[in-house]
Each structure stands twice: as C-alpha cells, then as structure tokens.
1. Right, B:Ala305: under 27 Å from B:Arg26 (Cα atoms) and either at pLDDT below 95 or surrounded by fewer than 18 Cβ atoms within 10 Å (Cβ to Cβ) (or both) or not?
2. Does the range A:58-77 contain any residue that is of a type in the set (A, V, I, L, M, F, W, C), open to solvent by 30 Å² or more (accessible area, probe 1.4 Å) and away from chain B (no Cβ under 14 Å)?
3. Can we say B:Ser397 is more than 11 Å from chain A (Cβ to nearest Cβ), part of a helix (DSSP H, G or I), over 20 Å from B:Gly175 (Cβ atoms) and open to solvent by 20 Å² or more (accessible area, probe 1.4 Å)?
4. Being under 23 Å from B:Val231 (Cα atoms), open to solvent by 30 Å² or more (accessible area, probe 1.4 Å) and out of contact with any Phe, Trp or Tyr (no Cβ under 6 Å at 6 or more places or on another chain) is the requirement here; does B:Ser312 meet it?
5. Do we find that B:Cys113 is more than 16 Å from ligand 2 (Cβ to nearest atom), open to solvent by less than 30 Å² (accessible area, probe 1.4 Å) and among the hydrophobic types (A, V, I, L, M, F, W, C) in this structure?
6. As an exercise: evaluate B:Gly216 against (1) in a loop (DSSP other than H, G, I, E, B); (2) open to solvent by 40 Å² or more (accessible area, probe 1.4 Å); (3) on the phi < 0 side of the Ramachandran plot; (4) in contact with a strand residue (DSSP E or B) (Cβ under 9 Å, 6 or more places away or on another chain) and give the number of the one condition it does not meet.
7. Inspect all residues belonging to the range B:325-334 and state whether any of them is within 14 Å of chain A (Cβ to nearest Cβ) and under 30 Å from B:Ala155 (Cβ atoms).
8. Conditions: (1) under 30 Å from B:Ser12 (Cα atoms); (2) away from every other protein chain (no Cβ under 14 Å); (3) part of a loop (DSSP other than H, G, I, E, B). B:Leu350 meets all but one. Number of the miss?
Amino acid sequence: MTWITAGKLEDIEQEGAIRFDHGGRTYAIYRGPDDSVYCTAGLCTHEAIHLADGLVIDFEVECPKHSGAFDYRTGEALRLPACENLKTYPAEVVDGEVRVALG
Amino acid sequence: MDGIVIIGAGESGTRAAFALREAGYRRPVTLVGAEPHLPYERPPLSKPVGGMVQMTPICAREALEAAGISYLEGCSVSKLDAVAATVSLSDGRVLGYEKLLLATGARPRRLACPGAERALDFRTHADAEAIFANVAPGRRVAIIGAGLIGMELAAVLRGKDVAVSVIETAPKVLGRAVPARFADKLHARHAAEGVRFHLDRTVAAIGEDGVVLSDGSILPADLVVSAIGVVPEMTLAEASGLATANGILTDACLRTSAPNIFAAGDCAAVAQPGGGHIRHESWRNARMQAETAARNMAGAAETFASVPWFWSDQYDLGLQIAGRPQPAHQTVLRTTAEGELEFYLDDGRLVAVAGLGFGNSLAKHIKLAEMLIAASIRPEPAALADPGVNLKTLLKSARAA
Ligand SMILES: Cc1cc2nc3c(=O)[nH]c(=O)nc-3n(C[C@H](O)[C@H](O)[C@H](O)COP(=O)(O)OP(=O)(O)OC[C@H]3O[C@@H](n4cnc5c(N)ncnc54)[C@H](O)[C@@H]3O)c2cc1C
Ligand code: FES
C-alpha cells in the first residue's frame, strides 16, 4: 500500500470534507466529529457531483445535488436517489498530516 | 378490483411505484406513461453536458421488473371512470383499480398569438431533441419567457455560440420564483454573456423570419422556443368530476375528492394548514409527494409536510432556494467566498433561504438553513449575516435548547 499525503488535518473542518485530486481522479476526504479521517471516491454515484460540496453530519455526507446520502466510513448508500455504494480508501493522520492509500 | 394504477411515468409516478413496494404493498402496481422511453429525468434536458441532449433514466428496466412494477410504456390513459374505478388505455384496454394515483405532471402553456404553432415547447426529451437538432454556432434563437427554463436554455445556447434573444412580458426576469437580488445577478450574468433581453414586451406574432413584438419591432430568429410556464395536466381529473382549481385538489394526505384516488407532483394542489392549496413545480417536491402518497395508498395516513426546495444551474452558477421567500419578509444577507446567501425572516422566524454561488458550493449552507427552517428557529440576524458563524452551530444549539 502506498500512502500519499493529502493535506493537513487542520485544513478540514471538523464534521467536514475536502476535495482531493490525484492521478487524474477525484476523492473526498472527511474529518469526523471525533477527528477520525476517511476517504471515498469524490463523485456521487448517482450523477457525477463532487461530494466534498455536500453537508457532513455525524458520519454521513449528503450529496449537494439531490440529497442522496452515504456513510463515508463504509461508502454505503443510505438514501435515494443514490443507490450504488461509494468506493472507500484507507486514510490516517500522522503528525497532523492526512495520508490516504489510493492503490 | 385489484391493485394500484399510476397515471404518468414522470418523476412522481415512477418514484411512487417504487415507494409502494418499499412501503410493503404487494398487490399489482401498473405504471402507465405516455412517453416512449423508460422513465427519465427532466432537469438534465436543460443542462446538456458536452453538447448532447441527455437521456438520464430514473431507473433501469431491470429495477422495474425486480420490483414487480408493470410499466406500460408509450401508452396513455384516455378516460378515467371514477365511479366504476376503471381507466381506458390508448390501446383499447380497460384496467380496473383498487386505488389510483394521478401523477400526470404539467404541460407547457401555449402562446395565443398568430403563428404560435411555429414556436417549439420545452418539456420533454422529444422537445429537447427538436431544439438541439436545430441549433448551431451563429444561428439565432428567440426564447419567449424569462423564467427558469427559458434562462437555463439561454445559458446552454450561449455555451454553443448561438445568438440568443429573450422576450419577457414582465419588466424583470425570473420574476415568479426567484428573489430580486438573485434575479438581478442572473440577469446581469446573462447580459454579460451576450444574451439580448427584450423585457416588458409581448409577442404580437411569430412569422417565418422571427418574432414580431408588441412595439412593432421584428426580432429575426431561425428558431423560436416558447417557455412561458406550464399548466397542470388535469384533463382526466376534470372529465371524471374530481375537484380541481390550479391543479388537482387534494387534502393534506394527497387524497383527491374521490377517496381512492390520490394525486402527486406538478399536477397536485395540496391543502395547506393555514387554508388554501399550493402546487409546486419542482423535482424534489414530485418525489417527496410521491413517497407520501404511496405510503398513504398502502394504508398510512400521513400529512404531507416538507420545506419546498429547488435548484437551477446557469453557466457556472448554482441557485438554490428553500422555503418560499416573499417580498414582505425581513432579509439578511451573508456574503461568503463562494457566493451570497439571503435569509428570509417572518416575524423573527426563519422561513426561507436562497443562495447563488459557484457550482454547488452553497448547497451545504442551504441544507443547514432548511433544517433550521424545519425546526422553526428564530436565529439572531447578526449570526445569520456573519460568515464566521457556522449554521451547524446554530442548529446544534437550537436542538440542545
Ligand atoms: C427542461 C426542464 C428542466 C427542469 N429543471 C429543474 C431543476 O433544475 N430543478 C427542479 O427542481 N425542477 C426542474 N424541473 C421541473 C421538474 O422536472 C418537474 O417538477 C418534475 O418533472 C415533475 O414531475 P411529475 O412527475 O409531477 O411530472 P412530469 O415529469 O411532467 O411527468 C408526468 C408524466 O405523465 C405523463 N402523462 C400525463 N398524462 C398522461 C396520461 N393521460 N396517460 C399517460 N401518461 C400521462 C406525461 O407524459 C409525463 O411523462 C425541470 C423541468 C423541465 C421541463
Ligand atoms: S448526484 Fe448525488 S444524489 Fe444525485
């Protein structure tokens, strides 16, 4: 597994998300209410909308377009019109830096 | 008679069919749709990506099959007999029903001037194909009506280097649904993109070469599109004696004047707690009403309650509005790096919010404001105005209180 540094934890709002582009792909990185970090594919599985623009409450991200929702820890689609799960990737914090494994 | 028949396979009818199964309804569900495709999304029609008209199905054919929904595609209901509880189909069949959902949507309002038949409508996939097959860089398109659909079309056509004129009877664009602040901003953006506006003008006639305006001037056009709003499709409801006004009238549970017939979506005018009926024309409303109607047809007795919400995309700007902003409301403006949010207070209570910004960047604030509206909060105007105050904090403190 190759870990890539995606930014600083302090740059992500608590219960928030940022967009991370790497290798021609786009991802979303989340900081949970307990400061844990997670990474998922960046685009909603309904239409290709950036989830980092969506509202994060607890461990749920709501798509900004049609209010589909996902559990960003598991990628599970929780609410229609999103019905396909999101891909997830390992994420961790080391010395205040967020690292993700996208391989 | 057995089973539920749904008339109209648009956003509302299709969602209702699935929601019936989700509510545990096991008897036959028949979805009758006049258009010759799988049920599809309308919003992408005015937001084509890469110049192509998008056909975005609401569901796959396999999903309909898996849910045991019989979908009668390209088939219309020509008669509803509410006494015998039957519907007659265009192919001659007659279906009986135990309960019926009218999800017939809306159809474009037609111009009444000479030559009106030369103008194309913009409601269906077929309409979109007819419009986009006829545009090319340098061609001239006249759009009649500066509402959301007309303005979205103008933005798309400018992206294709088409010369666009917009004609509007009112002195302002987007008058009906969009607060003045954002209507003005969108107007300015369209003007900067080269759209030519002819406001405060009516159309006297449409000829071979273009549009004749009420002041006698002639606007040359290769193509004329009429986008002057829609009227609820209630032909069947009227002919069968159901109560109608500006829509098929329902009670708060979405039941029409016939107890086993429900209505949802663009065609339904729903009784309000304070009296009167309200009809919405938006994507989310069509889905939410479908879900409530489906649960009620399956035996529940839920009243429909939801903060209305819609979005519109024009150029790289995203507009979202939740609630119903009124000119009499107190307004509070919040300016952020991504755009502007305007909050609407009625006697101190937050009742509506609107935002205009780059792409979907304001969506999460609108969503939080919507939750504040639903919770009947009376926020401090100063907190709403301050971009440093996270709306999530307001929501959490309101919930804790
Ligand atoms: C170009 C365009 C862009 C839009 N963009 C947005 C947007 O950005 N945001 C937003 O919130 N909303 C938008 N809307 C509005 C949204 O699409 C509608 O509110 C929604 O489609 C309403 O759903 P409905 O099912 O009530 O009606 P409809 O989608 O109109 O579906 C009704 C269906 O019933 C069928 N029908 C009617 N009578 C019969 C009959 N007798 N027998 C069989 N079938 C029948 C019709 O053919 C139609 O297919 C847009 C609409 C259009 C046209
Ligand atoms: S694009 Fe995310 S729910 Fe539709």
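1. Against the criterion (under 27 Å from B:Arg26 (Cα atoms) and either at pLDDT below 95 or surrounded by fewer than 18 Cβ atoms within 10 Å (Cβ to Cβ) (or both)), B:Ala305 qualifies.
2. yes
3. Yes, satisfied.
4. no
5. Considered against the rule, which asks whether it is more than 16 Å from ligand 2 (Cβ to nearest atom), open to solvent by less than 30 Å² (accessible area, probe 1.4 Å) and among the hydrophobic types (A, V, I, L, M, F, W, C), B:Cys113 comes out as yes.
6. The failed condition is (3).
7. Within the range B:325-334, none of the residues are within 14 Å of chain A (Cβ to nearest Cβ) and under 30 Å from B:Ala155 (Cβ atoms).
8. Condition not satisfied by B:Leu350: (3).
The values are calculated or read from the model by the stated rules, or taken from the named source; none is laboratory data. From a predicted model like this one, the values you see are computed outputs, not experimental measurements. In this analysis, Cβ positions are derived from the backbone assuming ideal geometry, glycine residues included, and neighbour counts consider all displayed protein chains. Surface areas here come from the heavy atoms of the whole protein model, side chains and all, with no ligands, DNA or RNA. Shrake-Rupley method; radii C 1.70, N 1.55, O 1.52, S 1.80 Å.
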